[in-house]
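Read the figures in this text as sums done on the coordinates, not as results from a lab. Only a predicted model underlies this, so the values are computations on that prediction, with no experimental measurement involved. A quick note on method: Cβ atoms are made from the backbone with ideal geometry, for glycine too, and the neighbour counts reach across all protein chains shown.
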Amino acid sequence: MNLYQKIIAIYPDMAGQMTSLANAPFRLQDDLDGQGFYISEWNDQRPQPTQEQLDFIEQMYNLNPNLFNGGMNE
Amino acid sequence: MAQGFTKGNITLPLPITQGGTGVSTQPSFSVYSNANQTVGAGIGYTKVSFQSESWDTNSNFDSTTNYRFTPTIAGTYLFSGSLYLSTIVATTRYSIAIYKNGTLAKNGCLLQPSGTDTVLNFACILQANGSTDYFSMYIYNGNAGTGCTIYGNDATLTYFQGQWVGP
């Protein structure tokens, strides 16, 4: 489960907004420094997910991937 | 050796016929990837690594660690580049972007190819302060679940270039 999918699991409606580069609610970036993707911009009025929330989503996914089918690959 | 014409931080070369080198000292580089690079899935921007240099007149391109251009002469720079992508997903959007100081500066054309490979091209003009400003190329992969591959080891297909063009 990648970072994008974790964010969409928290805010499913953002999947539709991410189909456009313009006005995307968030932006992910990988600087090849070994850290992988991180949130480089957050443009939504709702709060940016915390690392704790993202970790929790991954734990839930590992327990039951079927809970996260909607929007995962959009 | 005879010197060129200098005004401010700009030095134009003296022609060979007048005893000069005829070669500009303004920064210019052309680099390419020496191996394939895997781009991860997840709708985001990934830095492109360029480990080989065709030229780098002022040694301003870091082709070892950060894969970025930090020009030591202030001015306006023209950047261009190309990425050959394979194992792409049809109708997914891909783009080349130039980042300045780690922040998105210019985005390139957004393609939604129908095949399994494509070539992205890009050009833009940006200004540099000649000391701390640096520039890197990123690729945008618009697919949440599938990454792609940047074909490397071919300077004709996957490259990044920059040239000082004016003050």
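In chain A, the ratio of gyration radius to Kirkwood radius, Rg to Rh, stands at 0.95 when only Cα atoms are counted. For the range B:44-137, a Kirkwood hydrodynamic radius built from all Cα pairs, placed in the Stokes-Einstein relation at 37 °C and 0.692 mPa s, yields a translational diffusion coefficient of 230 µm²/s.
Cα centroid distance between chain A and the range B:56-100, in Å? Chain A and the range B:56-100 have Cα centres spaced 26 Å from each other.
Each other residue within a Cβ distance under 12 Å of B:Thr70 adds +1 if Lys or Arg and -1 if Asp or Glu, for a net charge of -1.
In terms of the mean number of neighbouring beta-carbon atoms within 10 Å, the peptides A:54-67, B:31-44 order highest first as B:31-44, A:54-67. Label-to-label distance, B:Glu53 versus B:Thr76, with points set 7 angstrom from Cα along the beta-carbon direction: 2.7 nm. Charges were assigned to the Cβ only: +1 to each Lys and Arg, -1 to each Asp and Glu. The resulting dipole of chain A about its Cα centre is roughly 200 debye. Derived scalar couplings between HN and Hα for the range B:37-47 equal 10, 8, 9, x, 6, x, 6, x, 9, 10, 5 Hz in order, rounded to whole Hz, by the Karplus curve 6.51 cos²θ - 1.76 cosθ + 1.60 (θ = phi - 60°), x for Gly and Pro. Under Stokes-Einstein, with the Kirkwood radius over Cα pairs as Rh, the value for chain B at 10 °C and 1.306 mPa s is 95 µm²/s.
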